[in-house]
Amino acid sequence: MPAHPARGPGSPRDHPGSPAVNTTPHLLIVGAGQAGAHLAGSARDQGWKGPITLIGGEPHAPYTRPPLSKTFLKGQTPLSSLALRSDAYYTQHRIDLVVDEHIDHIELAGDGTGTATAATGRRWRFDRLALATGARPRHLPIEHADLDGVLTLRDLHDAQALAQRLTTATALVVIGGGFIGLEVAATATAAGVPTTVVEAAPTLMNRVVSAATAKIVATAHRAAGVRIRTGVRPLRLRGTNGTITAVELDDGDELPADLVVIGVGAQPRDELARAAGLHCDNGIVVDAHCLASDGHTIAVGDCANLPDPSPASDGTVRLRLESVDNAVEQATSAAGTLTGLHRPYRSVPWFWSDQGNLKLQIAGLARPDDEIVLRTGRRPGQHTTLRYRGSRLVAAECLNSPADFLAVRRALGEETPLPRVTAADTGLSLKEHLAAARTPR
Amino acid sequence: MPKIFYTQPDGRQTALEATAGDSVMQTAVRNGVSGIVGQCGGSLSCATCHVFLAEENTDDFPPVGDDEDEMLDCAATERQDNSRLSCQLILREGQEVHVTIPEAQL
Ligand SMILES: Cc1cc2nc3c(=O)[nH]c(=O)nc-3n(C[C@H](O)[C@H](O)[C@H](O)COP(=O)(O)OP(=O)(O)OC[C@H]3O[C@@H](n4cnc5c(N)ncnc54)[C@H](O)[C@@H]3O)c2cc1C
Ligand code: FES
C-alpha cells in the first residue's frame with residue numbers, strides 16, 4: 001500500500017525533511033530500539049523512497065539489549081560494540097536518527113497521517129507512523145520497592161548502574177527466576193557476589209520452558225553457586241536510612257541484601273497508542289501485516305500484540321513476543337506492508353538466553369500441557385527437550401545443543417514431521433533423524 | 001585498521017574498513033552488508049552469520065570451536081571446508097580479510 005499524501009495537521013515547517021508537495025511520504029518511527037532500527041533499514045531496503053525519521057528517547061543510537069544482562073555486565077563487551085548500526089549506515093540509508101527526544105503525544109488522522117510531539121516541544125509531521133516503543137520492566141507491588149539499591153534492568157542506563165553496584169555488593173537477591181533474573185544471577189555469581197534467586201512459581205522460567213528443562217537449569221545454577229528459592233514470594237523489602245538491607249519472604253525467612261534486582265517480566269509501552277485512539281490490549285493490537293486498528297499505523301516488537309506467527313498456527317491465538325528474533329522478523333514483514341509487498345508475518349519464533357556457561361535456545365512456542373521427549377546429547381551438559389502436541393512437534397528447548405536447536409528450527413519452518421518414537425532414539429542426531437524424515441520414501 | 005572484503009554470491013564485492021576487536025559479522029551488520037544477518041549478536045546462537053573464509057586467511061583466526069562446529073553442520077547453506085561463523089572471526093590491527101557470503105542464512 002503506498003502511503004497517503006499528507007493532509008494531517010501541522011505545517012510542512014514542522015519537519016524540515018519532508019517537502020511541502022508530498023510525492024515522497026514521510027515515515028516516522030517512534031522508538032529507536034531493535035525493532036525500530038530494523039524497520040527503518042528494512043523499509044529503505046524494500047523500497048521506501050521518502051524521508052524516514054527514527055526517534056528514540058534514550059541518549060544513544062539504537063543498540064542491542066541482550067548483552068546488558070550478560071557480557072556487558074561482566075565488563076567483557078565495551079559500550080562501543082553494542083551499537084546495532086554505524087553512524088555512517090544511517091546517513092547512507094537516508095535515515096534521520098533523532099535521539100534523546102521522548103514523544104509525548106501523537107495526533108492521528110483517520111488516514112494514518114498526523115503529528116508527533118516530543119516532551120521538548122519539537123514536532124514531526126508524518127504521512128505514515130510506526131510505533132516500536134518496546135516494553136518496560138513490570139512493577140512489583142511490594143512495600144519499599146523504591147529503596148536505594150533496588151534495581152530493574154531494561155536499558156543501558158540500568159545496566160551501567162547495576163554493573164557499578166556489583167563491584168561493591170556483598171549480597172544480591174534477584175526477585176524473579178525468569179531469563180533476565182537468571183542471567184543476572186549467573187553473571188553476578190561468576191563475579192563473586194553471593195546471589196539468591198527468589199521465584200514464586202514452583203519452577204524457574206515458569207511461563208516459557210517445561211519443568212524438565214527448568215530442573216536441569218536449576219541444577220546447573222546451583223552447581224555454579226547460585227542459591228535458588230522457588231515457591232516463595234517476597235513479602236516486603238527492608239531498609240535502613242533509605243537503603244536496602246533485606247528481603248522478607250512470605251515463609252518467614254529474611255534474606256540479607258545490599259542489592260536487589262527485580263526481574264518479574266515486562267509490560268508493553270502502549271500508552272502513546274492508547275491515547276491516539278488505537279486498540280490496545282496487552283500491547284498494541286496488530287494484524288499479521290503489523291497494522292494497528294486504524295489500518296494504517298504499524299506496530300512492531302515488544303510493544304505489539306500479534307497473531308501467533310508460527311507456521312502451525314491458525315492465527316487465532318494472540319500474544320506478545322519479547323525477543324530479538326521477533327523484533328527483527330516482524331519489522332521485516334512490516335517494512336513489506338509499508339512498501340506494498342504485503343507479506344504476512346510468518347516465522348518460527350525463537351529465543352536464546354546465555355546463563356553463565358549454559359546456553360538455552362528455544363524454537364517454536366509450546367503450551368504448558370504439551371508433552372515432552374527428552375534427549376541427552378553426546379557432549380556433557382547437552383540436553384534437548386522436544387515438545388509435542390499430540391503427534392506433532394511444536395517446539396524444542398535446547399541446552400548447550402545448538403545443532404539440535406538449528407535442526408528443530410528448520411524442521412518447524414518446513415513442517416517436517418518427526419514421530420515421537422523416532423525422536424526418542426538418541427542413536428542418531430536430530431539432524432540425521434530430520435534428514436531421514438525429509439527424504440521421500 | 002583491519003580491512004574486510006565481502007563477496008556476494010553473485011560476485012559483487014564490498015570493502016570495509018573495520019575496527020580491531022570487532023568481528024567480521026559485526027562490521028557487516030553495522031554497515032548493512034546484505035547476506036550476513038547476525039541475529040544473536042555474536043553469542044553463537046543463530047548461525048545466520050555463515051561465511052566462506054578465503055584460504056589465505058585460514059591461519060589468521062583461532063580454529064573452529066565445538067559449538068561453532070556443530071552449528072556449521074546445520075547452517076542453512078551447506079557447509080564447506082572453509083566455512084566459519086563470522087561472529088567468531090575477531091579482527092586484529094592490520095589484517096586484510098576476504099570472505100564470501102553464502103546463498104542463504106535462514
Ligand atoms: C537485559 C535484557 C536481555 C535480553 N536478552 C535477550 C536474549 O538473550 N535473547 C533475545 O532474543 N532477546 C533478549 N531480550 C529481549 C530483546 O532485547 C527485546 O525483545 C528487543 O529489544 C525488543 O525490541 P523493541 O525495539 O521492541 O524494544 P526496545 O529494544 O526496548 O526499544 C524500544 C525503544 O523505544 C524507546 N521509546 C519508547 N517509548 C518512546 C517514546 N514515547 N518516544 C521515544 N522513544 C521511545 C525506548 O526508550 C527504547 O529505546 C533481552 C532484553 C533485555 C532487557
Ligand atoms: S551472529 Fe549468531 S551465531 Fe554468529
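Below are the figures for this structure:
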item: Vicinal HN-Hα couplings computed from phi for region A:273-284 (Karplus, 6.51 cos²θ - 1.76 cosθ + 1.60; Hz; Gly/Pro x); result: 4, 4, 5, 7, x, 8, 5, 10, 7, 6, x, 6
item: Mean shadow area of region A:260-374, taken as a quarter of the surface of its Cα convex hull (nm²); result: 9.6 nm²
item: Nonlocal amide H pairs with residue A:230, under 5 Å, H built at 1.01 Å; result: A:199
item: Residues whose placed amide H lies under 5 Å from that of residue A:63, excluding near-sequence neighbours; result: A:84
item: Among A:150, A:260, A:30: highest mean-square fluctuation, GNM of chain A, C-alpha pairs under 10 Å; result: A:150
item: Radius 10 Å from Cβ of residue B:60, net charge of other residues (Lys, Arg +1; Asp, Glu -1); result: -2
item: Under-5 Å amide H pairs with residue A:348, H placed in peptide plane, nonlocal only; result: none
item: Size of charge dipole - region A:87-127 - debye, nearest 20, with Cβ of Lys, Arg +1 and Asp, Glu -1, no other charges; result: 100 debye
item: For A:82-91, mean number of other protein chain Cβ atoms within 10 Å; result: 3
item: D (Stokes-Einstein, µm²/s), Kirkwood Cα radius, region B:3-100, 1.567 mPa s at 4 °C; result: 98 µm²/s
item: Residue mean of other protein chain beta carbons inside 10 Å, B:68-79; result: 4
item: Helical mean residue ellipticity (222 nm; -39500 (n - 2.57) per DSSP H run of 4+; nearest 500) of chain B; result: -3500 deg cm²/dmol
item: Two-decimal Rg to Rh for region A:34-175 - Kirkwood Rh, Cα set; result: 1.04
item: Lys pairs under 30 Å by Cα in the protein assembly as shown, provided they are eight or more residues apart or on distinct chains; result: 10
item: Region A:163-300, dipole about Cα centre (Lys/Arg Cβ +1, Asp/Glu Cβ -1), debye to the nearest 20; result: 400 debye
item: For region A:284-441, the Rg and Dmax computed from alpha carbons only, in angstrom; result: 16.9, 54
item: Spread of Cα-to-Cα distances over 5 Å intervals beginning at zero, given as percent, for region A:293-341; result: 5, 20, 27, 29, 18, 2
item: Net charge of neighbours whose Cβ lies under 13 Å from the Cβ of residue A:269, counting Lys and Arg as +1 and Asp and Glu as -1; result: -2
item: Selection from A:403, A:97, A:186, by position along the positive dipole direction of chain A (Cβ); result: A:403
item: Peptide A:397-410 - average C-beta neighbours from other chains (10 Å radius); result: 4
item: Phi to ³J(HN,Hα) by Karplus 6.51 cos²θ - 1.76 cosθ + 1.60 over region A:414-429, Hz, x for Gly, Pro; result: 8, 6, 6, x, 9, x, 4, 5, 4, 4, 6, 6, 8, x, 10, 6
item: Rg(Cα)/(2.2 N^0.38 Å) for region B:1-43, N = residue count; result: 1.12
item: Using θ = phi - 60° and Karplus 6.51 cos²θ - 1.76 cosθ + 1.60, couplings along region A:295-308 (whole Hz; Gly, Pro as x); result: x, 10, 6, 9, 9, 9, x, 4, 7, 9, 9, 10, x, 3
item: Dipole of the protein assembly as shown, positive end: most advanced residue of B:101, A:416, B:44 [Cβ charges, Cα centre]; result: A:416
item: Electrostatic dipole magnitude of the protein assembly as shown [Cβ: Lys, Arg +1; Asp, Glu -1; Cα centre; debye, to 20]; result: 680 debye
item: Estimated 222 nm signal from helices in chain A, with DSSP H stretches of n ≥ 4 weighted -39500 (n - 2.57), rounded to 500; result: -7000 deg cm²/dmol
item: For the protein assembly as shown, the spread of Cα positions along each principal axis, largest first, Å; result: 66, 64, 53
item: Positive-end extreme of charge dipole, the protein assembly as shown - chosen from A:280, A:37, B:23 (charges on Cβ); result: A:280
item: Efficiency of FRET from Cβ geometry, residue A:235 and residue B:93, R₀ 51 Å, rounded to 0.05; result: 0.40
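Coordinate-derived values only; no laboratory data. Note that this is a predicted model, so its numbers are computed, not measured. Cβ coordinates were reconstructed from backbone atoms using ideal geometry, including for glycine residues, and neighbour counts include every protein chain displayed.
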